[in-house]
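What follows is a short report on a single structure.
The values are calculated or read from the model by the stated rules, or taken from the named source; none is laboratory data. All figures in this text were calculated on a predicted structure; none of them were measured in a lab. Please note: Cβ atoms are built from the backbone with ideal geometry, for glycine as well, and neighbour counts cover all protein chains shown.
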Amino acid sequence: MAELETAVQIYADVQQSLDVNKSLPWQLCIDALKTAWRLIDLPETQQFLDDYLYKVIHIVTIQSPSKLGTFEKNVMEESIFITMSVLVKLLPNKPSHIATLVRLFDASIPFYHGSKVGYTFTPGFPAVRLHAAKRFTEQDGFASLVLAMQHASFAWPGGEALLVVLKILNIGEVLALLDNNIKAELISIIMKLLLNLPDEQLRRENTDVLNNMLHATSGICKHLAAIGMHEYVEKFRVFWFENTFKFMNSGSLVMKLFAWEQLNDLILEAKHTRPLASSYIVEGSGTAFVNGVYTMVPKPMNNNTLNNTNDDALTYTKAATAPHMPLLTLFRCTMRTKAKWWFISQADLEKPGTDKDIDFYLHKSTAEDEREPPSRGWTRINPGINLVGIDPPPVFKRGELILAPGTTRESYFDYKLLDLCEKNNLLNNIFGPSIHREIVSRSGRLLLFLVEYDNLKKEDLQLIWKAAMQNNEVDIVDEIFTLLVPLVPYLSNDLVEGLMGLAVEALRQGEHYAKVAQFVEKFAMDNFKHVGNLLTQFASVQLLSLVWEVYRDAQFDTLKSTHVLQDLLSFCLSQRGGVDMVIQRISDCRDALAGFAEQDNVSKHNGKAVDEAAVGRVIRALGFLVSKHTSAHMVIQLEQEGLVTCLVVEIERYVLCARARLGAGTLDLVSYSMQLSDRLDILQRFYSINIGVSMSFGDLQILSTLLSQSALEVEAFFAFLKSCTKTVLSMDVALQVFQELICSPEIDWSKCGDEAFECFSAYYCELEGNSVQFPVGTALPPKLGLDTLWRLALNIQTPLA
């Protein structure tokens with residue numbers, strides 16, 4: 001009875017000190033805790049502990065180590081150890097005391113962590129925390145914690161509290177003392193708590209805390225697997241995905257974004273745990289003998305599984321297929337900077353991985369790519385390393401896989417993750433009605449994952465494309481295209497055709513032209529990197545066809561990025577299949593012009609005029625192809641196929657139509673001059689490509705006769721003739737032009753200006769300077785043309801003449 005009265009008085013003194021004085025004497029603190037432990041079953045003690053245990057521990061643990069002497073430190077330690085014993089008794093029926101346990105486990109409290117005053121840091125006593133955790137474990141404290149978390153009155157303590165517990169559990173010395181079944185039960189409870197957490201509470205949690213909880217939970221599950229409870233790794237992965245999917249459906253955008261970041265980590269986990277390939281198929285390399293099958297060099301076996309503790313030893317070799325071919329090695333090397341890069345090399349037999357290797361290609365691997373050779377992103381250029389490979393760099397495909405004994409391909413997490421993604425319809429979650437730019441920007445790894453495993457289908461691309469076409473938010477559309485374009489080099493031919501087909505179909509709808517142009521423009525990013533990465537000629541041609549359709553469209557001139565798209569078109573035409581495409585498109589332009597000429601003849605009877613805007617687009621396209629992408633051998637072929645004849649007919653058609661429109665007032669002289677010059681420029685550029693092919697005098701005579709009615713036409717013709725002086729005409733044709741066209745007595749020089757004078761001067765000087773190329777006695781300047789020079793000087797009313 002006296003002991004109870006003493007205890008009640010001590011409890012009252014603690015209450016007075018904490019509630020009134022806001023402090024607690026050291027001796028009173030230790031006396032109260034010892035009394036409570038000794039009389040823990042009494043109702044008075046239970047009530048005191050319920051009301052004041054956390055307050056006592058809190059005021060004790062906030063003390064700065066710099067203010068503690070030996071006595072105070074000893075009181076602190078003893079208080080913590082006694083409280084651990086008290087909690088073991090209290091927790092099974094009173095989950096509210098978990099808060100006190102978390103406080104004692106928290107490594108950040110000043111007594112453990114230390115404190116800083118000004119520039120002075122006083123270290124704490126982290127060993128006390130570890131000792132307390134071990135004592136708690138030895139007293140079956142975690143079993144009590146399990147019972148507390150299973151109690152009907154248990155409430156979610158918060159992510160930070162559970163993270164403190166998980167961090168204690170991840171300490172090796174604590175794990176070694178803890179019963180395996182308790183570990184498993186405790187981790188199962190925590191995973192279940194997260195899965196069942198209402199969204200209202202979930203929104204209040206910090207995502208960094210949740211992320212650390214997941215990492216800590218993963219660590220414990222891996223520990224359980226290491227001691228024989230293998231199912232817990234798989235249980236965690238399934239929980240991880242289900243929890244991630246739960247976060248995706250949260251009402252909080254922050255939580256949704258966190259979920260998509262978690263999915264990216266899940267994909268990395270799947271790739272890091274999938275079976276290794278026993279071989280790699282290397283293809284597409286500009287160094288032909290680098291292509292082929294590289295087979296893994298066997299490594300020591302460990303418990304019937306491939307020993308992968310030293311990844312640097314993982315190498316693949318391609319045996320020489322001919323006497324002059326070298327033995328090639330695919331291996332990963334740790335550089336002096338500690339970076340880990342993959343190489344394809346002719347390795348030095350005595351010291352592989354040194355400067356004596358002959359290196360062809362390398363890949364600057366990230367942590368994501370270190371385990372296996374990356375499929376793309378190889379290069380033959382790197383400062384400081386002599387790489388002798390030839391563009392393009394190779395592409396890798398995984399060969400036959402090495403499965404652990406007793407497993408199937410479907411038992412690995414990467415396959416299970418694919419199945420979970422499909423069952424939960426994640427793509428619709430991203431690109432459905434609730435689409436958000438930040439979520440789209442985080443989904444690139446998922447799409448690459450699906451593509452790598454051939455799990456991305458045409459209907460998926462249709463869903464993504466539809467999301468872009470139907471959305472009016474510029475940022476979202478831009479993000480979708482930024483996501484799609486880097487994906488194209490990884491797509492199969494079938495999927496590339498499907499995607500480009502969707503774009504062409506959108507072009508036909510007119511209102512989506514600007515969006516399709518925006519999509520195409522993305523291929524120009526990073527110096528056309530994504531075009532250069534296209535694996536097959538089929539994909540290159542498909543993209544080229546789409547870019548061409550965008551370029552040919554009537555709305556092209558309304559775009560702000562016309563120069564970017566023209567540069568992209570030029571780059572595409574320089575890729576595989578581009579030459580054939582140039583010839584085909586020039587032929588298409590020729591046929592279109594022939595069609596316009598025929599339509600013009602019909603229009604004279606039915607009164608339906610040719611669409612000059614459409615003709616202008618064909619002329620622009622033809623000028624682009626001729627000036628930038630026509631080679632010397634193409635000139636011969638295209639001339640034989642009637643391109644020049646068609647152009648001359650088009651010039652004649654346009655001039656006759658333009659004169660009528662000038663008379664009717666529907667065309668101004670500036671536009672007429674520009675359009676006429678565009679057509680004549682194509683002729684000049686076409687013939688200047690191959691100096692071995694000369695424009696015929698007959699075609700020039702047709703143009704001379706045609707372009708003689710007005711001063712504008714005469715000047716345009718002489719400007720064209722002047723540009724033909726050195727590269728378009730042979731010397732014989734140039735002499736004939738000078739004699740019969742330039743020096744013709746029928747020319748009315750009063751209609752002429754400086755272009756005519758400069759043309760006369762150019763031919764006069766060119767023929768005089770090349771007189772040795774003509775037979776002796778040939779009439780040449782300076783005698784030839786003197787009469788014309790007088791007429792020209794007397795009639796052209798310009799300062800130059």
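As a summary of the residue check, I682 satisfies the conditions (1) modelled with pLDDT under 90; (2) crowded, with 16+ Cβ neighbours inside 10 Å; (3) among the β-branched types (V, I, T) except for the one numbered (1). Within the stretch 562-583, residues that are outside any loop (DSSP other than H, G, I, E, B) reach partners that are among the polar types (S, T, N, Q) with beta carbons closer than 8 Å, at six or more positions or on different chains, in the pairs C572/S540; G578/S540; V579/S631; M581/S545; V582/T630; I583/Q637. Quick check, is R237 farther than 24 Å from L197 by Cβ and of a type in the set (K, R)? No; evaluated as a whole, the condition is false for this residue. Checking the stretch 569-588 against the condition returns no match, with no residue being buried (at least 16 other Cβ atoms within 10 Å of the Cβ) and farther than 24 Å from F686 by Cα.
Where residues in the stretch 187-216 are among the polar types (S, T, N, Q) and more than 31 Å from the chain's Cα centre (by Cα), which of them is farthest from N249 (Cα to Cα)? Per the criteria, the residue is S188.
Return yes when T83 is in contact with a helix residue (DSSP H, G or I) (Cβ under 7 Å, 6 or more places away or on another chain), of a type outside the set (A, V, I, L, M, F, W, C), under 22 Å from F154 (Cβ atoms) and surrounded by 15 or more Cβ atoms within 10 Å (Cβ to Cβ) and no when it is not. The answer is yes for T83.
Here is a yes/no grid of residues against (1) modelled with pLDDT under 80; (2) part of a loop (DSSP other than H, G, I, E, B); (3) exposed (fewer than 12 other Cβ atoms within 10 Å of the Cβ):
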| site | (1), (2), (3) |
| --- | --- |
| Y280 | no, no, no |
| G286 | no, yes, no |
| F289 | no, no, no |
| P298 | no, yes, yes |
| T309 | yes, yes, yes |
| T317 | no, no, no |
| A322 | yes, yes, yes |
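Can you tell me how many residues within the stretch 136-153 are closer than 12 Å to N93 by Cβ and in a helix (DSSP H, G or I)? Summing the residues that are closer than 12 Å to N93 by Cβ and in a helix (DSSP H, G or I) in the stretch 136-153 gives 4.
When the stretch 229-257 is filtered for residues that are under 18 Å from I187 (Cβ atoms), of a type in the set (A, V, I, L, M) and touching a residue at least 24 places away in the same chain (Cβ under 8 Å), the ones remaining, listed by number, are M229, V238.
Conditions (1) modelled with pLDDT under 95; (2) of a type in the set (S, T, N, Q); (3) in the same structural domain as L268 (by TED's automatic domain parsing); (4) part of a helix (DSSP H, G or I), marked per residue:
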position	(1), (2), (3), (4)
L420	yes, no, no, yes
P433	yes, no, no, no
D454	yes, no, no, no
Q462	no, yes, no, yes
A467	no, no, no, yes
N472	yes, yes, no, no
V477	no, no, no, yes
L484	no, no, no, yes
P489	yes, no, no, yes
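Each residue in the stretch 126-173 was checked for being in contact with a Phe, Trp or Tyr (Cβ under 7 Å, 6 or more places away or on another chain) and within 21 Å of A107 (Cβ to Cβ), and 9 of them qualify. Within the stretch 612-641, the set of residues being over 22 Å from W548 (Cβ atoms) and surrounded by fewer than 17 Cβ atoms within 10 Å (Cβ to Cβ) comprises A632, I636, Q640.
Assessment of the stretch 533-545 against the conditions (outside any helix (DSSP H, G or I) and modelled with pLDDT of 90 or more) yields no matching residue. Within the bounds of the stretch 659-674, is there any residue that is over 53 Å from the mean Cα position of the chain (by Cα), surrounded by 14 or more Cβ atoms within 10 Å (Cβ to Cβ) and part of a helix (DSSP H, G or I)? Yes, some residue in the stretch 659-674 is over 53 Å from the mean Cα position of the chain (by Cα), surrounded by 14 or more Cβ atoms within 10 Å (Cβ to Cβ) and part of a helix (DSSP H, G or I). For the stretch 170-187, the set of residues classified as free of Cβ contacts under 8 Å to residues at least 40 places away in the same chain and part of a helix (DSSP H, G or I) consists of G172, A176, N181, E185, listed by residue number. In the set (1) modelled with pLDDT under 95; (2) among the aliphatic types (A, V, I, L, M); (3) within 24 Å of D208 (Cβ to Cβ), the condition left unmet by A127 is number (3). Residue check, L721 against (1) over 60 Å from the mean Cα position of the chain (by Cα); (2) closer than 25 Å to T645 by Cβ, all met but one. Which one? Result: L721 passes all but (1). Just one of the listed residues (F717, F757) is of a type outside the set (D, E), assigned to a helix (DSSP H, G or I) and modelled with pLDDT of 90 or more, and it is F717.
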